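I have placed the structure first, in the form of structure tokens, so that the comments after it can refer back to it.
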Amino acid sequence: MPSSRQSWPRQVARSVLGLYRPAAVQAALTPAADRTTGVRQWEPTAAESKAVEVIRRNPSSLFEAMKWSPDPWQREYLGTTGQRTLLLCCRRAGKSVTSAARTLAHCLTHRDALAMVFPPTLRQSMEYVRHVRLFDRAAGQPVKVERSAGTILEWANGSRLMALPDRQQGVVGFTPTKIVIDEASRVSDVLYLSLRPMLALGRAELELLSTPFGKRGFFFDIVNTPARASRFRQWQVPAARCPRISREFLAEEMVELGERWYRQEYDLAFNDSVDSVFTASVIEAAMQRTAIGPLFDLGA
Ligand SMILES: Nc1ncnc2c1ncn2[C@@H]1O[C@H](COP(=O)(O)OP(=O)(O)OP(=O)(O)O)[C@@H](O)[C@H]1O
Ligand SMILES: [Mg+2]
């Protein structure tokens with residue numbers, strides 16, 4: 001399709017995203033109908049069908065292909081088919097790699113899937129896609145990779161993965177089948193608000209993963225608002241439940257980080273911001289009419 005006939009959001013997306021990876025991003029931004037990869041005619045061989053079926057039945061096999069034994073929560077998370085999932089885990093628990101494996105399973109076991117991943121920075125986007133590539137290779141690339149460039153991957157079954165850093169420009173006009181927000185507590189609220197309408201057609205899964213980062217932002221609000229939290233299937237994994245983090249290391253961290261920061265990084269605590277004068281509970285109490293009477297009666 002000539003660029004003059006494209007909608008303006010797509011043109012803006014092309015020019016903004018094209019700044020850091022022109023060819024690959026522009027190819028991924030091209031609607032499936034415009035592409036010439038012939039994905040619609042994709043017919044898997046018997047071997048491909050069998051390999052994909054193994055992953056569909058047991059997504060943890062992707063971990064096993066890496067010679068890793070999944071933690072109980074990782075096995076459960078990989079196997080869940082829920083539309084809304086949330087991981088509230090300590091640092092280094094394995095959030096990103098578990099999500100990367102689940103995203104790969106999604107792309108391999110669905111035709112024409114579009115998984116969009118939003119970590120806070122480009123560097124983290126690249127790391128996420130690197131994990132997806134590693135799982136794919138370890139599993140023997142059950143579906144042929146058609147395109148692999150930067151933070152974009154595309155398979156012969158028409159599925160695509162795009163990992164984009166936190167920027168709300170260029171996210172309009174897509175119909176993803178899966179949205180992942182990694183380090184959700186550090187991603188902007190504006191991005192979250194911009195992504196929400198993509199869920200309108202009811203096809204997309206939404207995955208939020210993070211360690212706490214203060215009593216602020218949409219991730220904190222979701223976890224701490226029961227009506228919102230109840231829409232998500234949640235896993236909470238403090239460091240005490242991570243077999244790869246030793247007690248000795250945690251004791252050292254308590255000394256080095258201090259209790260407040262330690263509790264955020266390893267105990268899933270949402271702290272008041274370091275620079276705030278009043279704690280969140282004091283500010284909330286001040287909003288309640290009953291908590292403190294007004295100093296002056298200003299009349300009606
Ligand atoms: N089940 C497992 N077996 C072996 N290694 C694992 C397992 N799960 C995770 N890891 C390893 O743990 C490390 C941390 O994983 P990952 O980057 O996903 O953690 P994270 O929770 O996203 O960390 P961060 O908080 O820094 O973002 C990775 O190097 C990964 O190789
Ligand atoms: Mg991570």
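Here are some notes:
- Classified by the C-alpha gyration tensor, region 46-244 has an oblate form. Its axis ratio a/c, with a ≥ b ≥ c, is 1.5 or above, and a/b does not exceed b/c.
- If R0 equals 30 Å, the separation of the Cβ atoms of Gln236 and Trp261 corresponds to a calculated FRET efficiency of about 0.95.
- The alpha-carbon of Lys178 sits under 19 angstrom from the alpha-carbons of these lysines, leaving out residues fewer than 8 places away in its chain: Lys95.
- Extension gain from Met126 to Ala200, taking 0.36 nm per residue of separation minus the Cα-Cα distance: 23.8 nm
- Segment Arg228-Ala47, extension gain: residue separation times 0.36 nm, minus the distance between their alpha carbons: 60.9 nm
- Ranked list, fewest to most other Cβ atoms within 10 Å of each Cβ, for Leu87, Leu78: Leu78, Leu87
The numbers here are math on the coordinates, done by the rules we state, and not lab data. These numbers come from a predicted model, not from an experiment. Cβ: placed from backbone, ideal geometry, glycine included. Neighbour counts: every protein chain shown.
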